[in-house]
Amino acid sequence: MEAGSKTAECEANKMPRRDFLAWLSGAGVVGSALAGLVATFFFMKPRVTFGQPNRFLIGKPDDFPAGSRLAIDTKRICIVRDGERMAAISTTCTHLGCIVAPSATGFLCPCHGSQYDVDGNVTGGPAPKALAWYSVSLTPSGELEVDKDNEVQMGTYLNV
């Protein structure tokens with residue numbers, strides 16, 4: 001084969017410029033439509049992440065001896081029993097959200113040194129406000145239920 005015939009054969013196999021641009025434009029339109037459909041599908045499908053429920057059972061009143069303060073770290077609360085009265089106090093530090101630990105004098109934050117008394121009032125450190133108190137109720141089955149969506153006034157106890 002000669003060099004001239006090779007060039008003629010290559011030119012015969014080439015796509016004309018207008019046909020190439022038309023094909024490229026069509027591919028762009030089809031690609032945009034597909035991307036739009038995929039985006040619409042993901043928009044229509046809810047992407048919800050459920051956190052822990054804010055209303056939960058903690059057990060029967062007999063599970064908590066009189067005078068006890070029991071921290072439940074997974075729920076970020078401390079259950080306080082004072083005689084026949086019960087309360088739930090938040091263990092989330094109001095400074096930066098660390099988990100405070102019950103101590104002999106109240107609550108201590110291990111992160112930045114905030115200190116709270118037994119009722120959750122700030123006694124030292126950078127915390128700007130007192131710990132929250134949550135609603136505690138008795139279910140018909142006799143179990144205690146804490147509702148973290150319902151903050152109550154400090155010193156509000158449930159009589160059991």
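Read-outs: derived from the displayed coordinates by stated rules, not from any lab. On a predicted model such as this, the values are computed, not experimentally measured, just so you know. Cβ coordinates were reconstructed from backbone atoms using ideal geometry, including for glycine residues, and neighbour counts include every protein chain displayed.
Taking the fewest neighbouring Cβ atoms within 10 Å as the starting point, the ordered list for Phe50, Phe42, Phe107 is Phe50, Phe42, Phe107.
Under 5 Å between amide hydrogens, built in the peptide plane, is the criterion, and for Ile72 it picks out Ile77, Cys78, Ile79 among residues at least 5 positions away or on other chains. Each Cα pair under 8 Å and six or more residues apart adds its separation to the average, and for segment 55-159 the resulting relative contact order is 25 percent.
Rounded to whole numbers, the Karplus 3J(HN,Hα) couplings from phi for segment 21-28 are 5, 5, 5, 5, 5, x, 5, x Hz, using 6.51 cos²θ - 1.76 cosθ + 1.60 with θ = phi - 60°, and x at Gly and Pro. Exposed loop sites here mean GluC sites (Glu not before Pro) with a DSSP loop assignment and at most 13 other beta-carbon atoms within 10 Å; the chain contains its longest site-free run at 3-83. Structure remark: mean-square fluctuation, Gaussian network model of the chain, C-alpha springs under 10 Å; the largest value among Ala132, Ala27, Ala88 belongs to Ala27. What percentage of all Cα-Cα pairs in the chain are separated by more than 18 Å? In whole percent, the share of Cα-Cα pairs in the chain beyond 18 Å is 70.
Evaluated with a Cβ-only charge set (Lys, Arg +1; Asp, Glu -1), the chain carries a dipole of roughly 480 debye about its Cα centre, given to the nearest 20.
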